[in-house]
1. Could you sort the peptides 98-106, 118-126, 61-69 by per-residue average Cβ neighbour count (10 Å cutoff), highest mean leading?
2. So if each residue of separation counts as 0.36 nm, and I subtract the Cα-Cα distance between N86 and V145, what length gain in nm does that give?
3. Which ³J(HN,Hα) values in Hz, rounded to whole numbers, follow from the phi angles of region 99-115 under the Karplus curve 6.51 cos²θ - 1.76 cosθ + 1.60, where θ = phi - 60° and Gly and Pro get x?
4. Which of the residue pairs K45/K77; K60/K98; K72/K110; K62/K126; K84/K125 have a Cα-Cα distance greater than 27 Å in the structure shown?
5. According to the square roots a ≥ b ≥ c of the eigenvalues of the Cα gyration tensor, what is the shape class of region 29-73, taking rounded for a/c under 1.5, prolate for a/b larger than b/c otherwise, and oblate for the remainder?
6. For the pair T106 and N138, what calculated FRET efficiency results from E = 1/(1 + (r/R0)^6), where r is the Cβ-Cβ distance and R0 = 22 Å, to the nearest 0.05?
7. Go through region 87-93 residue by residue and turn each phi into a ³J(HN,Hα) via Karplus (6.51, -1.76, 1.60, θ = phi - 60°); whole Hz please, and just put x for glycine and proline.
8. Each residue of region 48-57 in order: what ³J(HN,Hα) in whole Hz does its phi give by Karplus 6.51 cos²θ - 1.76 cosθ + 1.60, θ = phi - 60°, with x for Gly and Pro?
Amino acid sequence: MKKVFLAITIVCSATMVAQIDAKSKKTEIPANVKEAFQKEFPAQKAKWEMEDGGYEAEFKMKGNDVSAVYDKKGHRKAFETGIKTNELPATVLGYMAKNYASKKITEATKIADDKNVTTYEAEIKKDGKPYDVLFDSNGKFIKIVEAD
């Protein structure tokens, strides 16, 4: 009985240490990325995370959930704005109704890249996983990818 209790104690201790260690490893944002963000959005406080080898700053602006994605050099690669589903172009909504009629759009986003090219993203759940259905500025289907 003592051996079982000792084994349980060791496993619980190891789990707690691993959780504490994981929480202490926050994403370290390079100074040049933070400076670029502050220059562009001086009054904003952001929650940072890694995205595709870059850094994503999530924050609120004019009541909308937005994010700015920067590369390692501090260059903004994309600006994403959360929008209401009914704000997606009619062609996007038509495509979704035809091809994903049984799937509810759980999130809609308008994305402007660093070349000022606009794309739209409609998030759905498929087989229990989130997927992003991507469209160009005219609402033409581009591709579907598993969401982050």
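Since every read-out is calculated from the coordinates, none of them should be taken as a lab result. From a predicted model like this one, the values you see are computed outputs, not experimental measurements. Positions of Cβ are generated from backbone atoms using ideal geometry, with glycine treated the same way; all protein chains shown enter the neighbour counts.
1. On the way: 98-106: 11.7, 118-126: 17.9, 61-69: 15.2.
Going from most to least packed, we get 118-126, 61-69, 98-106.
2. On the way: separation 59, 0.36 × 59 = 21.24 nm, distance 2.16 nm.
That pair, N86 and V145, stretches by 19.1 nm at full extension.
3. After applying 6.51 cos²θ - 1.76 cosθ + 1.60, I find 9, 9, 4, 8, 9, 8, 6, 8, 7, 10, 9, 10, 10, 10, 8, 6, 9 Hz.
4. Details: K45/K77 19 Å; K60/K98 33 Å; K72/K110 23 Å; K62/K126 31 Å; K84/K125 17 Å.
Checking Cα-Cα distances, K60/K98; K62/K126 exceed 27 Å.
5. Numbers: a/c = 2.43, a/b = 1.37, b/c = 1.77.
Verdict is oblate for region 29-73.
6. On the way: r = 23 Å, r/R0 = 1.06.
Here the calculated transfer efficiency is 0.40.
7. With coefficients 6.51, -1.76 and 1.60, one gets 8, 5, x, 4, 5, 5, 4 Hz.
8. Running phi through 6.51 cos²θ - 1.76 cosθ + 1.60 with θ = phi - 60° gives 9, 7, 7, 8, 6, x, x, 10, 10, 9 Hz.
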